[in-house]
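The structure appears right after this line, and notes come after that.
The values are calculated or read from the model by the stated rules, or taken from the named source; none is laboratory data. Just so it is clear, the model here is predicted, and its values are computed rather than measured. With ideal geometry, Cβ positions are generated from the backbone for all residues, glycine too; neighbour counts draw on all protein chains shown.
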Amino acid sequence: MCPETTKLVLVTLVLIVLLLSSCSSRQPPPTTLPPTEKLPRSMKGYELYSWPVGSEWYFSLSTATNRLKTYDEITTGENTLDPQWTRIVVQGTHDLEATLEQVPPGTLVVWLGPKTLKQFGTKARNLVLPPSRTVRAIEAYCQELGIRLQVEP
């Protein structure tokens, strides 16, 4: 192989590796099942986040705290069901509804959207609210369950 061809092959391989590595950061979180047991009561309630991956919506429900959570804390890692720290990530509104069924009635759940996150100084990345009809359907479902859902765009 001539040096010019070798150089072209190397450049092409580097570009392919760079493209593949940038795609991997956009991979959806592992699909997880909603909890089958009641979630622990949380003095400060829970926080809900949402983001699209392709045509699918993912949701993260976590214990509310006095600190801002990182993007990775919200979107990646194993589900944790603990009285001190709970975080559940699910795919789709059906699994979100099944997760919300495990939230104790009367609990405040704050659904944080990009405007609110930006006000708190957090980079929202792709954390956004789904279409308004989906938000309204989840609001109605929470009302049925006795959950106090507060949507903060």
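Numbers at a glance
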read-out: Test for GLY113: is it modelled with pLDDT under 95, of a type in the set (Gly, Ala, Ser) and in contact with a Leu (Cβ under 8 Å, 6 or more places away or on another chain); value: no
read-out: Contacts under 8 angstrom Cβ, first residue in region 95-120 being over 13 Å from GLN143 (Cα atoms), partner among the acidic types (Asp, Glu) and surrounded by fewer than 17 Cβ atoms within 10 Å (Cβ to Cβ), 6 or more apart; value: GLN102/GLU37; VAL110/GLU152; TRP111/GLU152; LEU112/GLU152; GLY113/GLU152; LYS115/GLU152; THR116/GLU152
read-out: Checklist (1) polar (S, T, N, Q); (2) in a loop (DSSP other than H, G, I, E, B); (3) in contact with a helix residue (DSSP H, G or I) (Cβ under 8 Å, 6 or more places away or on another chain) applied to THR134, failing item; value: (2)
read-out: Any chance LYS44 is over 16 Å from ARG148 (Cβ atoms) and not in a strand (DSSP E or B); value: no
read-out: Filter result for GLU97 (in contact with a helix residue (DSSP H, G or I) (Cβ under 9 Å, 6 or more places away or on another chain) and among the acidic types (Asp, Glu)); value: yes
